[in-house]
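Below is one structure, written out as structure tokens; the observations come after it.
The values are calculated or read from the model by the stated rules, or taken from the named source; none is laboratory data. What you see is a predicted model, and the numbers here were worked out from it, not measured in a lab. Please note: Cβ atoms are built from the backbone with ideal geometry, for glycine as well, and neighbour counts cover all protein chains shown. Each accessible area value is taken on the protein alone, full model and side chains, heavy atoms only, with ligands, DNA and RNA left out. Shrake-Rupley method; radii C 1.70, N 1.55, O 1.52, S 1.80 Å.
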Amino acid sequence: MNNRIKLARTEKSLTQAQLASKVGVTRQTVGLIEKGRYNPSLQLCIAIAKTLDKTLDDLFWEEN
Amino acid sequence: MEKSWIATFLPKDEYKERKMLYFMAEAVFILFALLFFYLIIDLLIIDLDIPAFGLAIFALLFLSSYILLRYTFAGIEYPDITTKKRYKKEKKAIFMRSLIYLAIYPIAYIIIQGFPTDWEGVLDIIGPAILAAIFLFAWGYLSLKKSYKKNQELLDD
């Protein structure tokens, strides 16, 4: 699943490790989500969105 | 969703937890198929006459080996090892753990079984200890290498 997490994370000046620590997963998991190689649960999506001060639409909605 | 009791034994990380569940489900599915074919062959074609003890050992070994191999090759054991420095440090730690095992095994053996009376007895202790230590190191190193490679691919561009 394509997403804009990496962009939002860099806007917030957070590293992958920092974001991972804030949402309670490993750095590997954050890397996999950013690359679109793992689809996170809704619970984790919400945690990431809250940490990055974004909505789910901002991060995950695919524009046509 | 309410989690099952098995969640107590699974990793806290969401991705790792899901992967472990996949590996466990794969192992059970394959074992189910193998036992099913065994039953069909044994009942309808030829009496294989494998003792229940043998089947139980096979099932236990298959389940544990399959899950362990999948876990190792998936590169998920060391999710935070991303730098060469940490990689080398962890490699050293794996080596030390193998050495500690190599030292503890003979001591535990002597405490339980007593001192060996001949050279054959000494070899019976040292041989398996060395083999197990080599296995522990090789397995740990392989897992670390796989994890490191995977982590490198996922780093910030």
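Compute the Cα gyration tensor for chain B, then decide on rounded, prolate or oblate, letting a ≥ b ≥ c be the square roots of its eigenvalues: rounded whenever a/c is under 1.5, prolate when a/b is larger than b/c in the other cases, and oblate in all that remain.
Because a/c hits 1.5 or more and a/b fails to exceed b/c, chain B counts as oblate.
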Checklist outcome for this item: Mean other chain Cβ within 10 Å across B:15-28 is 2
Checklist outcome for this item: With +1 at each Lys and Arg Cβ and -1 at each Asp and Glu Cβ, the charge dipole magnitude of chain A around its Cα centre, to the nearest 20 debye, comes out at 340 debye
Checklist entry - Any idea of A:Met1's accessible area? Nearest 10 Å², probe 1.4 Å. => result 80 Å²
Item to check | Cα-based shape type of chain A, given that a ≥ b ≥ c are square roots of the gyration tensor eigenvalues and the cut on a/c is 1.5 | outcome: rounded
Item to check | Additional length obtainable on full extension of the chain from A:Trp61 to A:Gln43, 0.36 nm per residue less Cα span | outcome: 4.9 nm
Checklist outcome for this item: Computed ³J(HN,Hα) along the range B:51-59: with the Karplus parameters 6.51/-1.76/1.60, θ = phi - 60°, integer Hz and x for glycine or proline, the list is x, 4, 4, x, 5, 5, 4, 4, 4
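Going by a ≥ b ≥ c, the root eigenvalues of the Cα gyration tensor, does the protein assembly as shown fall in the rounded group (a/c under 1.5), the prolate group (a/b larger than b/c) or the oblate group?
Details: a/c = 3.11, a/b = 1.52, b/c = 2.05.
Oblate, because a/c is 1.5 or more while a/b does not exceed b/c.
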Checklist entry - At B:Tyr38 and B:Phe62, where each label point lies 7 Å from the Cα along Cα→Cβ, what is the point-to-point distance in nanometres? => result 0.6 nm
Next on the checklist: With +1 assigned to the C-beta of every Lys and Arg and -1 to the C-beta of every Asp and Glu, and no other charges, what is the dipole magnitude of the range B:84-156 about the Cα centre in debye, to the nearest 20?
Outcome noted: 860 debye
Checklist entry - Once you mark the trypsin sites (Lys or Arg not before Pro) that are in a DSSP loop and have at most 12 other Cβ atoms within 10 Å, what is the longest gap between them in chain B? => result B:13-157
Item to check | Unit Cα scatterers, Debye sum, the range B:5-74: log10 I(q)/I(0) for q = 0.12, 0.24 Å⁻¹ | outcome: -0.42, -1.06
Next on the checklist: On the principal axes of its Cα set, how long, how wide and how thick is the range B:1-43? Give whole Å, largest value first.
Outcome noted: 43, 17, 16
Item to check | Translational diffusion of the range B:84-156, µm² s⁻¹ [Kirkwood Rh, Cα pairs; Stokes-Einstein; 10 °C; 1.306 mPa s] | outcome: 113 µm²/s
Item to check | Options B:Ile40, B:Leu10, B:Ala59, ranked by Cα towards positive dipole end of the range B:5-74, top entry (Cβ charges) | outcome: B:Leu10
Checklist entry - How far is it, in nm, from the label point at B:Phe135 to the one at B:Leu69 when both lie 7 Å from their Cα along the line to the Cβ? => result 1.4 nm
